[in-house]
Amino acid sequence: MTDPMTIQHLPIGESLDLLLAGALGALAKDCIIDNTLELPFIHDKKMYLGFIGGALVGAFIGYVVDGSFFTALMGGYTGSAVLKSLLVNGSNIKKEKKQIDRKEARTLNRSKNCSKREKPELLTGAEKTDAPDVQ
C-alpha cells in the first residue's frame, strides 16, 4: 500500500507533453491576442525574452495545472494573465493591509485620548457639562 503523502512522478513522455502543451498555449495567445511574436533582444545589458518568456511561463503553468493535455494547453494560454493578476493582487493586498494598520493605529490613539478626557481628575472646568447625571 502506498502512502498518500508520497509524490508520484509522471513519466517523462507525459511530462514533456504537458510542458509542450503549455508552451503551445502561450504561443497561441501571443499569436491570437497580440497578433505578433516578439523576438528576444538585449537592451542596456538586459535580455528581454519576448515570446520565449511567455512559452516558459506557459510550459510551467501547463505542467502544474492538471495532467491533461487540453488543460495544459488552456493553462499555457491563460498562464501569464493569471500570474500578472496574482502579482498585482498580492501587491494590492499589502497596500490594503498597511491602510488597515494605519486606521487601527488612529482608532487606538483616539480611544486613548478619549479615555484620558473622560477621567474626572483630568477634566477642566470648560470641559465639564451641566447635564445632570443619570443613574
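Identify all residues within region 41-58 that are outside any helix (DSSP H, G or I) and either among the small types (Gly, Ala, Ser) or within 24 Å of Leu10 (Cα to Cα) (or both); write none if there are none. Break it down stepwise before answering.
First pass over region 41-58, keeping only residues outside any helix (DSSP H, G or I): 41-50.
Answer for region 41-58, where residues must be outside any helix (DSSP H, G or I) and either among the small types (Gly, Ala, Ser) or within 24 Å of Leu10 (Cα to Cα) (or both): just Gly50.
In the set (1) polar (S, T, N, Q); (2) surrounded by 13 or more Cβ atoms within 10 Å (Cβ to Cβ); (3) within 19 Å of Lys84 (Cβ to Cβ), Ser15 fails one condition alone, (3).
One line per residue, one yes/no per condition, for (1) surrounded by fewer than 10 Cβ atoms within 10 Å (Cβ to Cβ); (2) touching a Leu at 6+ places or on another chain (Cβ under 6 Å); (3) assigned to a helix (DSSP H, G or I); (4) at pLDDT below 90:
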| position | (1), (2), (3), (4) |
| --- | --- |
| Thr36 | no, no, no, yes |
| Leu39 | no, no, no, no |
| Phe60 | no, no, yes, yes |
| Ala72 | no, yes, yes, yes |
| Ser80 | no, no, yes, yes |
| Thr107 | no, no, yes, yes |
| Arg110 | no, no, yes, yes |
| Lys128 | yes, no, no, yes |
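Residue check: Ser91 meets all listed conditions (1) among the small types (Gly, Ala, Ser); (2) over 26 Å from Leu16 (Cβ atoms); (3) modelled with pLDDT of 90 or more but one, namely (3).
The values are calculated or read from the model by the stated rules, or taken from the named source; none is laboratory data. Please read these numbers as outputs of a predicted model, since none were measured by experiment. Virtual Cβ from ideal backbone geometry, glycine too; neighbours counted across all protein chains shown.
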